Amino acid sequence: MSKIITLGNELLKQKSEVVSLFDKSISEYTDLMFEMMAQYNGIGLASVQLGDLRQIFVVNVPKDKPRIF
């Protein structure tokens, strides 16, 4: 299991890149993000928390459908 980057890590202060095209590679990456989020019992995860400086955020709120931002 990969580690999730948490508060205090300098990477979290860096500017992430805008994602302008949601292609197959992004779709596969968000699947990985949902898996990681579930492993940590989370409800939301930003790609920067995995060391990826792209503006991607996934959220899974109980009784709602999973969402990608």
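The values are calculated or read from the model by the stated rules, or taken from the named source; none is laboratory data. Small disclaimer: the values here were computed from a predicted structure and weren't measured. Glycine gets a Cβ as well: all are built from the backbone with ideal geometry, and neighbour counts include every protein chain shown. Note: areas computed on protein heavy atoms with side chains; ligands, DNA, RNA excluded. Shrake-Rupley method; radii C 1.70, N 1.55, O 1.52, S 1.80 Å.
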Spatially proximal aspartates and glutamates relative to Lys65 (Cα-Cα < 16 Å; intrachain offsets below 8 disregarded): Asp31, Glu35
Gly44 long-range amide H proximity, modeled H, under 5 Å: Asn60
Accessible area of the chain belonging to carbon and sulfur atoms, whole % at 1.4 Å probe: 55
Amide hydrogen neighbours beyond the local backbone of Ile56, cut-off 5 Å, H modeled: Ser47, Val48
Region 35-51 - phi-based ³J(HN,Hα) in whole Hz, Karplus 6.51/-1.76/1.60, Gly and Pro as x: 5, 4, 4, 5, 4, 9, 6, x, 10, x, 8, 9, 4, 4, 5, 9, x
The chain - accessible surface per residue (Å², probe 1.4 Å): 73
Environment charge of Leu45, counting only residues whose C-beta is closer than 14 Å and scoring Lys/Arg +1, Asp/Glu -1: 0
Cα-only Debye scattering, the chain: base-10 log of I(q)/I(0) at q = 0.12 Å⁻¹: -0.30
